[in-house]
Amino acid sequence: MSRARFAEILQRLAATDTEFIVVEMTAGVLHGAPVTTLDLDIVHRRTPGNIARLLRVLSELDAVYRHDARGLRPQESHLMSPGHQLLSTSLVDLDCLGMIGDGLGYEDLQDRTVALTLASGRSIRVLSLPALIETKEQAARPKDLAALPVLRATLEESKRVP
Amino acid sequence: MRTVSSSRPAPADPLLPDIDENGVDRAQIRAMLALSPEERLRKVEEYVAAALEIRQLNEPRSLR
């Protein structure tokens with residue numbers, strides 16, 4: 001991967017009707033937080049049909065496990081699990097998360113998302129800023145706590161935008 | 001859980017630095033909010049690319 005291309009991978013996923021929610025700091029960026037990140041985290045819907053769509057995109061992007069010297073490729077059984085699949089693709093490092101926080105999967109989170117429209121006209125679901133702040137507060141690791149001031153300030157500023 | 005209040009007054013001049021009590025640059029946030037979501041991602045892509053390029057240029061060369 002020569003250059004992280006976040007927008008392109010989101011377009012690719014959306015174009016195949018893959019159901020996923022953008023979480024973590026890329027969600028923060030999409031909401032306007034002036035932060036940076038090196039990977040894209042998504043919570044994907046763990047149904048056979050959706051995982052087949054996700055696997056097609058992952059295959060096109062030569063996805064392999066990031067920390068596996070053998071170049072292991074993700075399989076349906078991996079993506080059906082609630083665990084975290086840390087992948088490297090030709091566009092960006094991609095973390096496919098079965099669940100986040102206190103056992104929250106796609107169905108648990110979908111009511112706490114906002115739909116953002118991409119330039120292609122396709123829309124993606126992104127964890128809402130209040131929900132993102134909540135997940136960071138609950139995780140409460142040093143890296144989560146460090147992100148809170150800028151996320152809270154972004155929420156406050158976004159409420160001023162007419 | 002801490003609640004976010006909107007009681008902070010907006011600055012009179014949007015071009016002046018506006019650092020809040022936590023050290024967060026509010027002007028930077030407003031600049032990001034003025035962009036579309038995809039433009040925000042491009043900003044991150046550009047930043048990461050530039051940072052990685054500098055890192056690569058400064059990686060210690062292996063001795064032969």
Most exposed first, judged by fewest Cβ atoms within 10 angstrom, A:84, A:78 run A:84, A:78
Residues B:55, A:45 in order from fewest to most other beta-carbon atoms within 10 Å are B:55, A:45
For a footprinting-style exposure proxy, rank A:124, A:21 by other Cβ within 10 Å, fewest first.
A:124, A:21
Tell me the net charge near residue A:84. Cut-off is 14 Å between Cβ atoms, residue A:84 excluded, with +1 for each Lys or Arg and -1 for each Asp or Glu.
-4
Against the longest alpha carbon principal axis of chain A, how many degrees, from 0 to 90 and to the nearest 10, is the axis of helix A:48-60 turned?
80 degrees
Net length gained if the chain between residue A:47 and residue A:67 were fully extended (0.36 nm per residue, minus Cα distance):
4.6 nm
How tilted is helix A:6-15 with respect to the longest principal axis of chain A? Cα atoms for both, answer in degrees (0 to 90, nearest 10).
70 degrees
Dipole in debye (nearest 20) - the stretch A:20-118, about Cα centre, beta carbon charges: Lys, Arg +1; Asp, Glu -1:
260 debye
Treating only the Cα positions of the protein assembly as shown as identical point scatterers, give the base-10 log of I(q)/I(0) from the Debye formula at each q in 0.11, 0.17 Å⁻¹.
-0.59, -1.28
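Where a number appears in this text, it was derived from the coordinates with a stated rule and is not lab data. Computed from a predicted structure; not experimentally measured. Cβ: placed from backbone, ideal geometry, glycine included. Neighbour counts: every protein chain shown.
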